[in-house]
Amino acid sequence: MLFRSARVAQSDIRFCFCRATYGVREDRLFADHFQSARAAGLLTGAYHFLRYNTRMGAAAQAEAFLDTLSDAGALIGPMLPPVLDMEGNSRFDESIDTAAERREYVALARKWLEIVEEGLGRSAIIYSTRTFFNQIGNPPGFAIRPLWSAINGSIRSRRRDLSVVNVPSSS
């Protein structure tokens, strides 16, 4: 088990989001991370890294996410809203430089949100940097969802497949 539940249990951390999928691929550690975080008493959630690639449509990515949650038992019990991670990744994906590419990327994200929100019966959170979100035009209609952006004071794991945000307890 890679998730250090004893260490987390002794901290002020109260919730975490674990990467479930990127593109159409399941994160092979998701089920272990998710269940370990739950066992440590954390409120848990899952996120999807949106891939901008013509071989991976929105429906295929959304279905991979929903299937991964179901297979891991994540849909049993309380769960934080799903998160869509929107970031450019020119190393692995097609560029998002032109206006047409930005429109296609936004349409991909919009369709993923529609499928996942309908499938789970709840709204999603969007994770992005302010710079990237502005680069894609601060898409109309996305403001109805919370935008989670990296800010000072947050703690991110050194692992790319597990994000942990520190929230001080109120007591």
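Assorted remarks:
- Given (1) touching a His at 6+ places or on another chain (Cβ under 7 Å); (2) more than 23 Å from ARG122 (Cα to Cα), index of the condition ASP85 fails: (2)
- Count of segment 46-95 residues, restricted to those that are touching a residue at least 60 places away in the same chain (Cβ under 8 Å) and small (Gly, Ala, Ser), is 0.
- Considering ALA62, ALA74, the condition of being buried (at least 19 other Cβ atoms within 10 Å of the Cβ), under 21 Å from LEU29 (Cα atoms) and at pLDDT below 95 is satisfied by ALA74 alone.
- In segment 40-61, the residues that are closer than 13 Å to PRO82 by Cα and assigned to a strand (DSSP E or B): LEU43, THR44, GLY45, ALA46, TYR47, HIS48, PHE49
- Total residues in segment 92-136 satisfying the condition of being touching a helix residue (DSSP H, G or I) at 6+ places or on another chain (Cβ under 7 Å) and of a type in the set (S, T, N, Q): the figure is 2.
- Under the condition of being on the phi < 0 side of the Ramachandran plot, part of a loop (DSSP other than H, G, I, E, B) and either touching a residue at least 60 places away in the same chain (Cβ under 8 Å) or loosely packed, with under 13 Cβ neighbours inside 10 Å (or both), the residues counted in segment 123-145 number 1.
- One residue alone among GLU114, GLU118 is modelled with pLDDT of 60 or more, under 21 Å from ARG103 (Cα atoms) and acidic (Asp, Glu), and that residue is GLU114.
- Of the residues making up segment 26-72, those that are out of contact with any Pro (no Cβ under 8 Å at 6 or more places or on another chain), of a type outside the set (Phe, Trp, Tyr) and within 15 Å of ASP93 (Cβ to Cβ) are LEU50, ARG51, ASN53, THR54, ARG55, MET56, GLY57, ALA58, ALA60, GLN61.
- Test result for ILE151, closer than 13 Å to LEU84 by Cβ and either among the hydrophobic types (A, V, I, L, M, F, W, C) or at pLDDT below 85 (or both): no
The values are calculated or read from the model by the stated rules, or taken from the named source; none is laboratory data. Fair warning: this is a prediction, and the values are worked out from it, not measured in the lab. Using ideal geometry, Cβ is built from the backbone for each residue, glycine included, and neighbour counts are taken over all protein chains shown.
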